[in-house]
1. Quick check on my filter: what residues within the range 147-165 are β-branched (Val, Ile, Thr) and open to solvent by 40 Å² or more (accessible area, probe 1.4 Å)?
2. Just checking, which of Val304, Val275, Val215, Val292 is part of a helix (DSSP H, G or I), without any contact (Cβ under 8 Å) to a residue 60 or more places away in the chain and under 25 Å from Gln420 (Cα atoms)?
3. With respect to the numbered conditions (1) out of contact with any Ser or Thr (no Cβ under 8 Å at 6 or more places or on another chain); (2) surrounded by 19 or more Cβ atoms within 10 Å (Cβ to Cβ); (3) part of a helix (DSSP H, G or I), which one is the sole condition not fulfilled by Val496?
4. For Glu196, work out the one condition from (1) farther than 19 Å from Met294 by Cα; (2) open to solvent by 10 Å² or more (accessible area, probe 1.4 Å); (3) modelled with pLDDT under 95 it doesn't fulfil.
5. I'm checking my understanding of the structure. Among residues of the range 442-451 that are under 16 Å from Trp586 (Cα atoms) and out of contact with any Ser or Thr (no Cβ under 6 Å at 6 or more places or on another chain), which one is modelled with the highest pLDDT?
6. What residue, among those in the range 199-240 that are closer than 29 Å to Asp270 by Cβ and among the polar types (S, T, N, Q), is least open to solvent (accessible area, probe 1.4 Å)?
7. Checking Thr581 against (1) outside any helix (DSSP H, G or I); (2) in contact (Cβ under 8 Å) with a residue 12 or more places away in the chain; (3) open to solvent by 30 Å² or more (accessible area, probe 1.4 Å), which single condition isn't satisfied?
Amino acid sequence: MSAVVAPRPPGSVASLRARYRDGKAALVEHFRESRATATAASRLLRTLARHVDATLASLWEHAGMPPGAALVAVGGYGRGELFPHSDIDVLVLLPEGLNDAWRAAVEGFITACWDIGLEIGSSVRTVEECTAEAARDVTVQTALLESRLVCGTRRLFAAFREACASALDPRAFLRAKMLEMQQRHVKYEGTPYALEPNCKESPGGLRDLQVVIWVARAAGLGRTWSELASKGLITPFEVTQLAKNEGTLRLIRARLHTIAGRREDRLVFDLQTAVAESFGYKPTKGQRSSEVLMHRYYWAAKAVTQLNQILMLNIEERISGSEAAPMRPINARFLDRAGTLEVARDDLYEDNPHAILETFLVYAQNPGMQGLSSRTLRALYNARTVMDRNFRHDPVNRELFLDILRQPRGVTHAMRLMNQTSVLGRYLWVFRRIVGRMQHDLFHVYTVDQHILMVLRNMRRFFIPEHAHEYPFCSQLAAQWDAPWLLYVASLFHDVAKGRGGDHSELGVVEARRFCRDHGIAREDSQLVEFLVRHHLTMSRIAQKEDLADAGVIANFAELVGSERRLTALYLLTVADIRGTSPKVWNAWKGKLLEDLYRLTLRALGGARPNLDAEIEACKQEARQNLALHSLPRGIEEPLWKTLEVSYFARHDAADIAWHARSLAGHVATGKPIVRARPSTVGDGLQVLVYSPDRPDLFARICGYFDSAGFSIQDAKIHTTRAGYALDTFQVVSTQLETGSASEYRGLISLVETKAAQALDSAGPLPDPSRGRVSRRVRSFPVVPRVTLHPDERAQHWLLTVSASDRSGLLYAVARVLASNRINLQLAKVSTLGERVEDTFLVDGPALQQPKLQLRIESELLDAVAAPAS
């Protein structure tokens, strides 16, 4: 055996390190300074790969590598593409029978790679070891599939390629990659519309294109889009679309790496604006620059999702031989291909454009359908030019669209499928404008189009008996509703004008009116849809921000809705809308507020004049019956009730009033703070009763305790008795429990009762509020803090509203300012919308009558709610 070649001296490694570093920096800088085009990105990926090729070849030549060995690029590097901070995956392919000296040379080569700054992922194997490893691991099999010789012996590389190809089972490989793709999609939220998508791994990312090429190569169907076209798997138009959208994703990923200065494939909030600016995007009145970037990304990801689905189904049919499987005719235009809807011929939509919308009507009318076949998906994808202005104005198509909405089942799936295939946006042109439009408002977690379809889904579920357990009251109301499809139209249009600037509710009314007119919807029904779109935020605002015990609030809302029909429709849309915003926004407490507002308004609409005295007496009687069930002496409630104002009984239900009376029996005038807690009767958390001699800083001390103990206040009802005691009730949830189960909350009751009472009994100064940390999302899209203070309608109290980014300690900071200015709190409405808070307080105090002091208080509040510096 010949002697080992001497390794390159250290000085040479140092010069090679400098050459590699400087060369890479020059390539990246040239890309950074160039226009943001797909061509520039492709050039960067190729030249970076060639630069690494040359560096590795130099190291290989001088590292004393074994004769007959080969250096093979695998994975992404094997494709001849390298992003600025991607791993460099290499395989050192060795002949059989090497001694330890040669293996030491291999170790020296790998060490030298790291020494000069090449972040390689290396494996050292023989051909036999490669095939054995690939048989056990589909990931290894995939990496070896994309192999390329960098340097070394061609004969060994050829033997390696032949062995890998012969060991590959196309069917098993396809099945493994399909399962792997499904698992990956679940991991990355199952949607191309994630707010912080991974442009490589998320659905619609680069990996979805790569997996198509992998399974095609494994089956011998082609290695490039052009080769797949030559085999009849894709059309020339699809080749163009694949290249265009792949180029967009590559460009975004390359810019992301360049700006982050590290391997970062997620379009995280922190980087979205910088990446957008590198594209030359500028903010406008209606959009941030980052929203323009994400809109472009989502459109590319959506197209990739569609093309991936078409091609994977096509390849699966080709590999499995199911193309010739028998099909069941549905009508003259459609067939059932093993549970998927198949067009009778490829040119169906060009010859008969009405069949485009009929596709989704047939899909909804056949519950057994699992989706559309690859042939149907392709026909829809290639029929985009057919869906023009004439298509949208065709009376037959308009009737077909309404028919889809009027179906007893399958409406949600049909609409989602229409959106996935771009038919919905091409038929409803106004909808096309909000496809992939991001919402940076800290509580929407979906793009506008996905949110709208989520609201439609929620609305549909109200009318499906199988889902009655989810929203019992909504399902009860829906069962009496005569025209569900009108509510579906309102759902489709309630946010359709987002992102234009201006009031999207009023702009949406214009679009809804036009739709109803064009589709021949009766005037009365059209007016209902317009009302719902215009006021889809009103009911939520009143329920969460105004005092529902105020008869004037209820009377004004009843006058606005005007009828039970409109009230019911608005209630259903409001619940569906909030539930479709984010899983974190809805809770049982908000549900109770909305239901209370519905019932109170329904009573007002029925002509029943509010008789507060009679209602309070009935409430007291029910509370007395509750007390009797607990075997308490008759009249035990009277000492407490004699000290309470009418507003107390108007704001609490009988069960709460009875609980308060039980808890405070014998403690009405002890002079000591009393705290009682129980598991919430509405949703998760605790209900906490605080009874204490009143003092200006009492509310602040309560908030301070809850903040320090890790509780978030969901609602607060504040009362002061005639005897000078505060009787306050709080709905709180813990931010520290693992599951938040009722049993966990029961375990906290004794601790809360003891520690809260101790905190209230303290006479020391109020501690400084903590500047709680805000989330990364809040840092990226901060809410401008706003404080407004104005007299209520009767000029007896002041309404204080606070809007800010959510963080721990926020409510305590507000309460501390109120306490320091001796502002009395009468009512608190605490509302958290995702990561934004919108709190409303009813307050009074002498300082509010003096303009200068009022301005100072507002300024102090703004300072208190401002997000801490990063």
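The values are calculated or read from the model by the stated rules, or taken from the named source; none is laboratory data. Remember, it's a predicted structure, so these values are computed and weren't measured experimentally. Using ideal geometry, Cβ is built from the backbone for each residue, glycine included, and neighbour counts are taken over all protein chains shown. These accessible areas exclude ligands, DNA and RNA; they are computed on the full protein's heavy atoms, side chains included. Shrake-Rupley method; radii C 1.70, N 1.55, O 1.52, S 1.80 Å.
1. From the range 147-165, those β-branched (Val, Ile, Thr) are 150, 153; that's our starting set.
Correct list: Thr153 only.
2. On the way: Val304 fails: without any contact (Cβ under 8 Å) to a residue 60 or more places away in the chain; Val275 fails: under 25 Å from Gln420 (Cα atoms); Val215 fails: without any contact (Cβ under 8 Å) to a residue 60 or more places away in the chain.
Of Val304, Val275, Val215, Val292, the one residue that is part of a helix (DSSP H, G or I), without any contact (Cβ under 8 Å) to a residue 60 or more places away in the chain and under 25 Å from Gln420 (Cα atoms) is Val292.
3. (3)
4. Evaluating Glu196 over (1) farther than 19 Å from Met294 by Cα; (2) open to solvent by 10 Å² or more (accessible area, probe 1.4 Å); (3) modelled with pLDDT under 95 leaves (1) as the failure.
5. Restricting attention to the range 442-451, the residues satisfying the condition of being under 16 Å from Trp586 (Cα atoms) are 442-446, 451.
Retained after the next criterion (residues that are out of contact with any Ser or Thr (no Cβ under 6 Å at 6 or more places or on another chain)): 442, 446, 451.
Values: Leu442: 51, Tyr446: 77, His451: 92.
The selected residue is His451.
6. That would be Ser202.
7. All conditions are met except number (3).
Let's see how each residue does on (1) modelled with pLDDT under 95; (2) open to solvent by less than 50 Å² (accessible area, probe 1.4 Å); (3) in contact with a helix residue (DSSP H, G or I) (Cβ under 6 Å, 6 or more places away or on another chain):
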| site | (1), (2), (3) |
| --- | --- |
| Gly502 | yes, no, no |
| Glu511 | no, yes, yes |
| Phe515 | no, yes, no |
| Gln527 | no, no, no |
| Ala549 | yes, yes, yes |
